[in-house]
Amino acid sequence: FNFIGLFGNLNVIYAHYRLKALRSKYGILLTMLVASQTTCLLYELVGVGYGVSGLPIIRKTCFIIISPYI
């Protein structure tokens, strides 16, 4: 579901820059929402990567990786 969400979000961002009709107040608000959700989805992949790999998570490393998400 993460990859499907990222695909849809990137299509909305592309459509915003491609179509002039989407450059209204509501289109900009939607694009900002989609951009922040894309950031969240990308950082969820980091957590899944650590969970699947079984690597130990060190607090300092975790904070550095997840800080933009927070």
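The values are calculated or read from the model by the stated rules, or taken from the named source; none is laboratory data. This one's a predicted model, so the numbers in the text were calculated from it and none came from an experiment. To get the accessible areas, we keep the full protein, side chains included, count just its heavy atoms, and leave off ligands, DNA and RNA. Shrake-Rupley method; radii C 1.70, N 1.55, O 1.52, S 1.80 Å.
Structural remarks
- Estimated translational D of segment 12-70 in µm²/s (Stokes, Kirkwood radius over Cα pairs; 4 °C; 1.567 mPa s): 96
- Taken one residue at a time, the phi angles of segment 37-42 give Karplus couplings (6.51, -1.76, 1.60, θ = phi - 60°) of 5, 4, 4, 4, 5, 5 Hz. Gly and Pro are set to x.
- Whole-Hz ³J(HN,Hα) from phi, Karplus 6.51 cos²θ - 1.76 cosθ + 1.60, for segment 49-61, glycine and proline x: x, 5, x, 6, 6, x, 5, x, 9, 8, 4, 5, 5
- Counting 0.36 nm for each residue step from residue 35 to residue 15 and taking away their Cα separation leaves a gain of 5.9 nm.
- Taking every alpha-carbon pair under 8 Å whose residues sit at least 6 apart, the chain reaches a relative contact order of 31 percent.
- Where 34, 46 fall by accessible area, highest first, once all protein chains stay in place (1.4 Å): 46, 34
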